[in-house]
1. For the range 51-90, which GluC sites (Glu not before Pro) pass both filters: DSSP loop (anything but H, G, I, E, B) and at most 12 other C-beta atoms within 10 Å?
2. For a quick check of understanding: with a 1.4 angstrom probe and all protein chains in place, what accessible area in square angstrom does LEU44 have, to the nearest ten?
3. Quick one: accessible surface of CYS16, probe radius 1.4 Å, all protein chains present, in square angstrom to the nearest 10.
4. Given only helices, namely DSSP H runs of n ≥ 4 each adding -39500 (n - 2.57), what is the per-residue ellipticity at 222 nm of the chain, to the nearest 500 deg cm²/dmol?
5. Write out the GluC sites (Glu not before Pro) in the range 1-53 meeting two conditions: DSSP loop, and at most 16 other Cβ atoms within 10 Å of their Cβ.
6. How much space per residue, in cubic angstrom, does the convex hull of the C-alpha atoms of the range 4-90 take up?
7. If you put +1 on each Lys and Arg Cβ and -1 on each Asp and Glu Cβ, how big is the dipole of the chain around its Cα centre, in Debye rounded to 20?
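The values are calculated or read from the model by the stated rules, or taken from the named source; none is laboratory data. Predicted, not measured: the structure shown is a model, and the values here were computed from it. Every residue, glycine among them, receives a Cβ derived from its backbone with ideal geometry; neighbour counts consider all protein chains shown. We work out accessible area using only protein heavy atoms, side chains counted, and drop any ligands, DNA or RNA first. Shrake-Rupley method; radii C 1.70, N 1.55, O 1.52, S 1.80 Å.
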Amino acid sequence: MVHVEAVIKNEAGIHCRPSAILIQERATYSGDVMVYSESGSTTLQSVLECIMLGLEQGARVRIEVNGPNEEAFAARLAELFETEFDFPVG
């Protein structure tokens, strides 16, 4: 098992669109994934669960990955959590 930490950098936090991207990436991995924050935890299999963590800019998450290529996948998830998404408004 590997664990990494990430800090949310997106100005709007992890809302619907970033959550969907995280869930899509999680769906490509056959191992186990858990994400922990101050407000709870999720397996990253549901956009709603991800949104319910209420991850705002500056929040910290701990990502645990267990399975094949776990180091690389944990790093990829951390990279996504730290992405400053630039979605068009409206």
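1. GLU84
2. Number for this one is 0 Å².
3. Accessible surface of CYS16 is approximately 90 Å².
4. Details: 3 runs with 29 residues, N = 90.
My calculation for the chain gives -9500 deg cm²/dmol from helical runs alone.
5. Passing sites in the range 1-53 are GLU11, GLU38.
6. Enclosed volume per residue, from the Cα hull, is 80 Å³.
7. Charge dipole, the chain, about its Cα centre: 140 debye, nearest 20.
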